[in-house]
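Shown next, in structure tokens, is the structure this report addresses.
The values are calculated or read from the model by the stated rules, or taken from the named source; none is laboratory data. Just so it is clear, the model here is predicted, and its values are computed rather than measured. Ideal geometry is used to build each Cβ from the backbone, glycine not excepted, and the neighbour counts take in all protein chains shown.
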Amino acid sequence: MFCKGGIVAVSRIEVEEKVKKLLEPILRSLGLSLYDVEWLSSGRHNYLRIFIDKPGGVTIHDCQRVSEEIGDILDIEDFIPVSYYLEVSSPGLTRELKKPRHFVKSIGEVVKVVFKEPFEGHSDLEGEIMDADEDGFLVKWKDGEDWIPYENVARAKLVFRDSRRK
């Protein structure tokens, strides 16, 4: 947290890390896992977004329960000195993959990758994640397989495939 021209600014990393630590025991007790935490400032509004996950999917009841429990704890801890909106949701079927653990968990899924620089003449490609580690991931495209270092990725998002469609 710092002050710039009389306006209190809150460190994104500091807020996200503190919230993650507070969430761990809550989510564990509810059989949920933390997918991501985002602290965003947009104009005069601040948002604390919490994305939760569980096998079989997250329900609205799961989101409500986490929102109530973490909301109470955040009120008590009171380390965010500005007003903000608290949002708790599932990362969704077409979730964004941001961290190595997201890619590891998505092995076998189809991903659309947007590159920072063109890759083999393409700005983006779609394929199945075959493997992943801390440095990058292996994707099987229609024309072969490639190891993609995370540093080359601008964005990666899962692609929803309706298995009922032929």
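Quick one: would you say residue 48 is modelled with pLDDT under 95, under 19 Å from residue 97 (Cα atoms) and among the hydrophobic types (A, V, I, L, M, F, W, C)?
no
Within segment 66-162, which strands (runs of 3 or more DSSP E) (wholly inside it) include 3 or more residues that are aliphatic (A, V, I, L, M)?
110-119, 122-132, 153-158
Are there any pairs with C-beta distances below 7 angstrom linking a residue in segment 53-68 that is under 15 Å from residue 34 (Cβ atoms) to a residue that is among the β-branched types (Val, Ile, Thr) and in a helix (DSSP H, G or I), with the two at least 6 apart or on different chains, and if so which?
66/26
Residues that are loosely packed, with under 12 Cβ neighbours inside 10 Å and of a type in the set (S, T, N, Q): does segment 54-67 have at least one?
So in segment 54-67, the residues loosely packed, with under 12 Cβ neighbours inside 10 Å come out as 55-57, 59-61, 64.
Next, from what is left, pick out any that are of a type in the set (S, T, N, Q): 59, 64.
So far as segment 54-67 goes, yes, one or more of its residues are loosely packed, with under 12 Cβ neighbours inside 10 Å and of a type in the set (S, T, N, Q).
Looking at segment 71-85 only, could you name the residues that are within 20 Å of the chain's Cα centre (by Cα) and surrounded by 16 or more Cβ atoms within 10 Å (Cβ to Cβ)?
84
Only residues that are more than 11 Å from residue 104 (Cβ to Cβ), of a type in the set (A, V, I, L, M, F, W, C) and either exposed (fewer than 14 other Cβ atoms within 10 Å of the Cβ) or at pLDDT 95 or above (or both): list them for segment 126-143, please.
Across segment 126-143, the qualifying residues are 130, 138, 139.
Collect the residues in segment 35-57 that are part of a loop (DSSP other than H, G, I, E, B) and either closer than 10 Å to residue 91 by Cβ or of a type outside the set (Gly, Ala, Ser) (or both), keeping them in residue-number order.
The first filter runs over segment 35-57 and keeps only residues part of a loop (DSSP other than H, G, I, E, B), leaving 43-44, 54-57.
If the condition is that a residue be part of a loop (DSSP other than H, G, I, E, B) and either closer than 10 Å to residue 91 by Cβ or of a type outside the set (Gly, Ala, Ser) (or both), then 44, 54, 55 are the ones that fit.
More than 16 Å from residue 37 (Cβ to Cβ) and not hydroxyl-bearing (Ser, Thr, Tyr): does that describe residue 111? Don't jump to the end; show me each part of the working.
Numbers: more than 16 Å from residue 37 (Cβ to Cβ): yes; not hydroxyl-bearing (Ser, Thr, Tyr): yes.
When the stated conditions are applied, residue 111 passes them.
I'd like to verify a number: residues in segment 67-113 that are more than 23 Å from residue 11 (Cα to Cα) and among the β-branched types (Val, Ile, Thr), how many?
Within segment 67-113, residues that are more than 23 Å from residue 11 (Cα to Cα) and among the β-branched types (Val, Ile, Thr) number 6.
Filter segment 18-35 down to the residues that are surrounded by fewer than 19 Cβ atoms within 10 Å (Cβ to Cβ) and under 16 Å from residue 98 (Cβ atoms) and list them by number.
20, 33, 34
Give the residues of segment 74-89 that are in contact with a helix residue (DSSP H, G or I) (Cβ under 7 Å, 6 or more places away or on another chain) and within 18 Å of residue 33 (Cα to Cα), sorted by residue number.
Correct list: 86, 88, 89.
Can you name the residue in segment 1-41 that is of a type in the set (Val, Ile, Thr) and modelled with pLDDT under 90 and is also nearest to the chain's Cα centre (by Cα) among such residues?
Restricting to residues being of a type in the set (Val, Ile, Thr) and modelled with pLDDT under 90, the top hit is 10.
If you go through segment 115-137 one residue at a time, do you hit one that is of a type in the set (Val, Ile, Thr) and more than 30 Å from residue 62 (Cβ to Cβ)?
No, segment 115-137 contains no residue that is of a type in the set (Val, Ile, Thr) and more than 30 Å from residue 62 (Cβ to Cβ).
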